[in-house]
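The values are calculated or read from the model by the stated rules, or taken from the named source; none is laboratory data. On a predicted model such as this, the values are computed, not experimentally measured, just so you know. Here the Cβ positions follow ideal geometry from the backbone for every residue, glycine too, while neighbour counts run over all protein chains shown. What goes into the accessible areas is simple: the full protein's heavy atoms, side chains included, and nothing from ligands, DNA or RNA. Shrake-Rupley method; radii C 1.70, N 1.55, O 1.52, S 1.80 Å.
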Amino acid sequence: MIDVAKEIKRWEKLASDKTRWHHLWDDLARVMLPRRLGFAQTTIEGERRTEDIFDSTPMQAAQRLANAIGGIVRPQGLPEVKMKAEQDALNSMEEVKEWLADSEDRLKAAFNNPKARFRQASGEIDLDLVVFGTADLFVGESLSKNNLLFLSNHLKDVTLFFNEEGQPQGHYRKRNMPLRQLEERFGANKLSEKTREMLEKDQDKPIDILHIVIPRKKIKEKPLFAKDLPIGDYWIELDAKHLISEGGFHEFPFIIPRWDTSSGEDYGRSPGMIALPDADTLQAMGETILIAGQRAADPPLAVPNDGAFDAINTFPGGLAYYDVETATQVRGNPFFPIESGANLPISRDMQADTRQQIWAAFFRNILNLPIDGPQMTATEVIQRKEEFIREIGPVFGRLETDYTAP
């Protein structure tokens, strides 16, 4: 049995420490993955989150690299499954070979089961890795125990702690769950008295739940019950500080891949962080070029007004008033467009350069063969492949350790 108040206090401290990442993650989400917004600001489900996007290049670049990762680490869309016995002598026996082959087929089928949601969850994980540098994947069984289940968790809801070797050791997740879901999962008798009263009035009312998965301090050698397994699984009502359920896992059920790590930091760094300055610049450029294009297509006009001057309106289609007696001194026609001096070709060149910088941060220059230019020889193709392996190999070595191997 855990000390509920103590664990809530520990979670609050860890969650407070994690907030230093939230503004950075929101900045990344704003220009590369708007659907993941909500770390440092409140979001509403279903709202549009692309109001500040004037150029979708950062989103396209992140999606392209995420797709490339999936294609490289999972060529068939599923993880590689290979089984063998610990004793090499057994692997040469025909009966063992047949059993292992059948087991491989069963496990592949379990991954491929649509209810397992492996393809959907792994796609979300790939994109979180590329943009935020850290992702959170649950690997376990469904509530019915009839199939595997893979779920990608939003980093804003998750708080982690790591052991001294840098491996994830504990997982806190705050959830806002309707009362009917809690009743279906745990039964009304497991809920606090106050929550049961709310359930009778409004079964769809959501309340805050804290799901804790941490290693147990005391481990039994041959546990018979879930509550005695090495990894503790606890569900707590936050407001009531009430323990709803206690269970357990044989192994830590979350995979926490990180793109790259820095000494002294638990959470990962990403290509998106390298591209962020250029991504912000590109949005500012996009807005400026749009305004310049509007001015060129629909320039503001100067029109006469007897006896009064007004401020010059430089927005597209704007009107600027001047004294009619000066019309002949200004030019023959009293109505004329105000030239803004826009130089769109230079602006477009600057925009194209910034886009190339973003694509380079997401490895497009080595992931794709060049489209323009002469046909490449076989030797050039081989050299390009070797360059690709040198450049991207260390990255995928880390992903193999933190992601696909677990």
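Just a few scattered comments:
- When R36, R117 are compared by accessible surface with a 1.4 Å probe, the order from highest to lowest is R117, R36.
- Spin-label pair E80-H242: with each label point 7 Å from Cα along the Cα-Cβ axis, the two points sit 5.0 nm from one another.
- Modelled spin-label separation between E200 and E12, with each label point placed 7 Å from Cα along the Cα-to-Cβ direction: 3.1 nm.
- P(r) histogram, all alpha-carbon pairs of the stretch 74-117 included - 5 Å bins from 0, percent: 5, 21, 24, 20, 14, 11, 5, 1
- Theoretical ellipticity at 222 nm over the chain - DSSP helices of four or more residues, -39500 (n - 2.57) apiece, nearest 500: -13500 deg cm²/dmol
- Restricting the calculation to Cα atoms, every distinct pair contributes to the Kirkwood radius of the stretch 1-83, found to be 16.2 Å.
- When only Cα pairs below 8 angstrom with a gap of at least 6 residues are kept, the chain shows a relative contact order of 14 percent.
- Against the main long axis of the alpha-carbon atoms of the chain, helix 344-361 sits at an angle near 10°.
- Cross-link table K13/K194; K145/K205; K174/K205; K13/K174; K18/K220; K115/K145, entries beyond 23 Å C-alpha to C-alpha: K13/K194; K145/K205; K18/K220
- Here's the list of lysines a cross-link from K218 could span, going by alpha-carbon distance under 18 Å and ignoring same-chain residues fewer than 8 apart: K6, K227.
- Heavy-atom accessible area order for Y321, Y267, largest first, 1.4 Å probe: Y321, Y267
- Ratio Rg/Rh [Cα only; Rh per Kirkwood] for the chain: 1.12
- C-alpha long axis of helix 4-18 to longest principal axis of the chain, angle in °: 30
- The figure for I219 is an accessible area of roughly 100 square angstrom, using a 1.4 Å probe on the protein chains alone.
- Once the Cα atoms are used to define both axes, helix 118-132 deviates from the longest principal axis of the chain by about 50 degrees.
- Counting 0.36 nm for each residue step from E184 to R216 and taking away their Cα separation leaves a gain of 8.8 nm.
- Largest-first ordering by accessible area, 1.4 Å probe, given options S56, S263, S92: S263, S92, S56
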